[in-house]
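Down below is the structure, laid out as structure tokens.
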Amino acid sequence: MLKYYVYISRTKVDMLYPQIPPDALAAAEAEVKLSLGVISTGFRKRRPEPSRELAARASVVAAYIRKHEDVGTPQSPQAWSEAVTPLRWGVVHRYASDIALFAGQVGDVTVALLGSSTSILGTSSTTEAQHGLFYYTLEFFNTVLERDALVRQEPPYYTWPDAVEIGMGALPQTPYNMEFLARVVHTENSLVIASPLYVALT
């Protein structure tokens, strides 16, 4: 099945792929080869299209995670979360800091996927959050992404829900149906914040 990737975390792929045990790697690669077609992105490019190898490795890592890690849904998040759902997305910018944000509702749960803007494939909308102190929150989000682990502390100046609401307010209003697999970094009430391995159009 074709995947039209709009985001692949090279950092996660480069970190996780070498850790897959040889037997599991062979099984995951065989599974991916059965379903892997031409991999492309669905948007006009601002950089050269990522190599087929990166996309193939992301597929292998995803197959391994689904088989050997705790993967839940936004309504029941585990270490990882996945879903197919409408998401709005773009690069949220404030002063010299920015972040890729994919966000939307899955049932009664708000999902916010935070990623590096350098991992976006093709073009994306870049919009500025109209809140002066949000710059420090973007810096905090970038630190969260580097840790890639559960975070319990609050962002500076805002609560998690407030920070996500500000970010979502800066996104284009048009949602796209998207599939994602993401590492959960924070949950509370009806909010899941995660860092994606990949996001693809469906």
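Could you tell me whether region 171-185 includes any residue that is at negative phi, of a type in the set (Gly, Ala, Ser) and under 13 Å from the mean Cα position of the chain (by Cα)? Among the residues of region 171-185, at least one is at negative phi, of a type in the set (Gly, Ala, Ser) and under 13 Å from the mean Cα position of the chain (by Cα), which makes the answer yes.
Of the candidates Ala83, Ala56, Ala62, the single residue that is at pLDDT 90 or above, part of a helix (DSSP H, G or I) and surrounded by 12 or more Cβ atoms within 10 Å (Cβ to Cβ) is Ala62.
Scanning region 125-153 for residues that are closer than 17 Å to Ala112 by Cα and in contact with a Phe, Trp or Tyr (Cβ under 7 Å, 6 or more places away or on another chain) yields a single hit, Thr137. Summed over region 92-115, residues that are touching a strand residue (DSSP E or B) at 6+ places or on another chain (Cβ under 8 Å) and surrounded by fewer than 18 Cβ atoms within 10 Å (Cβ to Cβ) total 1.
The residues of region 118-138 that are surrounded by 13 or more Cβ atoms within 10 Å (Cβ to Cβ), at pLDDT 80 or above and under 17 Å from the mean Cα position of the chain (by Cα), listed by number, are Ser119, Ile120, Leu121, Leu138.
Set side by side, the residues Glu179, Glu188 differ, and just one is more than 29 Å from Tyr4 (Cα to Cα) and of a type in the set (D, E, K, R), which is Glu188. Taken over region 138-168, the criterion of being within 13 Å of Arg94 (Cα to Cα) and in contact (Cβ under 8 Å) with a residue 40 or more places away in the chain is satisfied by Leu138, Glu139, Phe141, Asn142, Gly167.
Against the condition at pLDDT below 85, within 19 Å of Thr187 (Cα to Cα) and either touching a strand residue (DSSP E or B) at 6+ places or on another chain (Cβ under 8 Å) or in the same structural domain as Ala79 (by TED's automatic domain parsing) (or both), how does Ala149 come out, does it pass? Yes: the conditions hold for Ala149. Residues in region 173-202 that are part of a strand (DSSP E or B), among the hydroxyl-bearing types (Ser, Thr, Tyr) and over 15 Å from Lys12 (Cβ atoms): Tyr176, Thr187.
The values are calculated or read from the model by the stated rules, or taken from the named source; none is laboratory data. Everything numeric in this text was worked out from a predicted model, so none of it was measured. Virtual Cβ from ideal backbone geometry, glycine too; neighbours counted across all protein chains shown.
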